[in-house]
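Have a look at the structure below before the remarks.
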2 protein chains.
Amino acid sequence: MLDNYKEIIGFVAAFLTTAAFLPQVYKTWKTKDVSGLSLPMLLMFFIGVLGWLIYGVLKYSPSLIFANAITALSTFILVFFKIKYNKK
Amino acid sequence: MLDNYKEIIGFVAAFLTTAAFLPQVYKTWKTKDVSGLSLPMLLMFFIGVLGWLIYGVLKYSPSLIFANAITALSTFILVFFKIKYNKK
C-alpha cells in the first residue's frame, strides 16, 4: 500500500489526459467528420496505446492500465469511424 | 537489467504515441491555425502530462519520463501558439 500516493498522482494524470482526449472522440461521433484524421496516424497511435497497456501490466501500474484501456477503446472507435465514413 | 524487455515495449509505445502527436504540433507551427484547439483542453492535457511525468519518476519508468517530457514540451508549444495567435 506504499504505492498508493503514486497511484493517486497516476490517476489524476490519467483522468486529465483521458478527459482531454474524449471530446475529440465525442465530436467525431456526433459530426461523423473524419476528414481531419489520418488513418496511418490513428493506427500508429492505437498500436502505441496497446503497447502502453502491455507496459502498464508489466510494470504493475493500475493508472497506466486504466488510462490506456479507455484510450485504446476510444481510438478504436475513431479508427472505425475513419474507415466507415471516409468511404462516402 | 531484468526490466530491459519491459522498457523496450515501453519505448516502442512511447515512440508510436509521441510520433502520432508530433505532426499536430508541426502542422500548428506551420499554419499558425489554432482555431481547432481549445485552451482549457490544452491546459488540462498539459497538467495531465506533467502528472504522468511525475508518476514516471516515482515508478522509475524511463519510458514514461521520455514520452511525457517530449509531449509536455510539445503541448507547451501548442499552448503558447494558442495564446499568441488566438488574439488576432
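A short reminder: the numbers here are calculations on the coordinates, not readings from a lab. Just so it is clear, the structure is predicted and the values come from calculations on it, not from any experiment. Here the Cβ positions follow ideal geometry from the backbone for every residue, glycine too, while neighbour counts run over all protein chains shown.
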Lys pairs under 16 Å by Cα in region A:4-85, provided they are eight or more residues apart or on distinct chains: 7
Per the axis that maps chain B onto chain A, nearest residue of B (Cβ criterion) and its distance in Å: B:Lys59, 3
Model label zone, B:Ser38; criterion: amide N under 12 Å from point 7 Å along Cα-to-beta-carbon; scope region A:23-64: A:23-28
Student exercise, the protein assembly as shown dipole from Lys, Arg, Asp, Glu Cβ charges, in Debye to nearest 20: 960
Where only alpha carbons of the protein assembly as shown are counted, the Rg and the Dmax (Å): 16.2, 54
Residue mean of other protein chain beta carbons inside 10 Å, A:71-81: 0
Nearest-ten-degree value, helix B:4-31 long axis tilted from longest Cα axis of chain B: 10
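Take every residue in peptide B:19-32, count the Cβ atoms of other chains within 10 Å of its Cβ, and give the average of those counts.
Mean partner-chain Cβ count within 10 Å for B:19-32: 2.
How crowded by other chains is B:34-43, given as the mean number of beta carbons from other chains within 10 Å of each beta carbon?
Rounded to a whole number, the mean comes out at 2.
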Rounded to 10°, Cα long-axis angle of helix B:39-58 versus longest principal axis of chain B: 20
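Expressed as a rounded percentage, what relative contact order does region A:4-85 have, with Cα pairs under 8 Å and six or more residues apart?
44
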